[in-house]
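Contents: one structure, followed by commentary.
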Amino acid sequence: MKPIGIFGGTFDPVHQGHLRSALEMHEALGFERIHFVPCAQPAHRAAPRVSGEQRLVLLELAVAGQPAFVCDDRELRRASGPSYMYDTLLSFRGQYRDRPLCLLLGLDAFVGFSRWHRWAEICDLAHLVIARRPGADLPERGDEYALYKTRGAETVSALHQHAAGSVLITTVTQLEISATDIRARLAAGRSIRYLVPDAVADYIETQRFYVPRWAPDLSD
Ligand code: ATP
């Protein structure tokens, strides 16, 4: 059975760094599909600038025409409170039973993984597939280092043979794009064209997301 990929994030907004790395991981690991799961309320960072429903619309525009990419609103539908990946994976495990589940995350996210709610149990619910990211290095000590040392997988087949429990580091094309940078460009009145899919750039522009309220509307 092909594994299911689960790509959680704030997606505030989704950008080509997310999409390209998801596509490359999809090709390298042979997923059945990848669920993109925008969080309602991140547990470890400030509240997103744009509502969950709007971030979901942006994701739907971004993955249109890519049938293996699915927008998944389960965290947005959950009762209020922080969006814990542990709860999300429990929900996926209920749905997919014995199927391999792979939680996809960038190396920058893995570096703080031991601060996640019930992080050790997350590894019993899913494999971790970690994409290298510019500016982030694999920890050389601490819980994340120990986790990689004990659970590190050398091959993709380990992820197909077991439902959960391995950690795989994978190399994807390094795109130095972040949502933080995109929000900063929009706040400064600069273009985000080619950093996000065209449909996403168009929607952000018409909705005037991430633009200070006092900024003049220069669209006409
Ligand atoms: P922000 O700049 O607001 O922190 P972000 O661009 O890092 O946002 P998130 O939605 O927080 O995006 O990230 C979701 C996941 O995508 C994380 O696991 C993160 O490591 C990964 N990710 C984000 N940008 C990239 C990129 N350019 N290449 C590979 N992975 C990425």
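Data overview
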item: Top-ranked residue in the stretch 94-119 [being of a type in the set (D, E, K, R) and open to solvent by 50 Å² or more (accessible area, probe 1.4 Å); ranked as modelled with the lowest pLDDT]; result: Asp108
item: Elements of type helices (runs of 4 or more DSSP H) contained in the stretch 155-216, each with 3 or more residues being open to solvent by less than 60 Å² (accessible area, probe 1.4 Å) and touching a residue at least 60 places away in the same chain (Cβ under 8 Å); result: 179-187, 198-207
item: Matching residues, the stretch 122-149, being open to solvent by 70 Å² or more (accessible area, probe 1.4 Å) and in a helix (DSSP H, G or I); result: Asp124, Asp143, Tyr145, Lys149
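The values are calculated or read from the model by the stated rules, or taken from the named source; none is laboratory data. What you see is a predicted model; the values in this text were computed from it and never measured. Don't worry about glycine lacking a Cβ; one is built from the backbone with ideal geometry, like all the others, and counts go over all protein chains shown. Just so you know, the surface numbers come from the protein's heavy atoms only, side chains and all, with ligands and any DNA or RNA stripped out. Shrake-Rupley method; radii C 1.70, N 1.55, O 1.52, S 1.80 Å.
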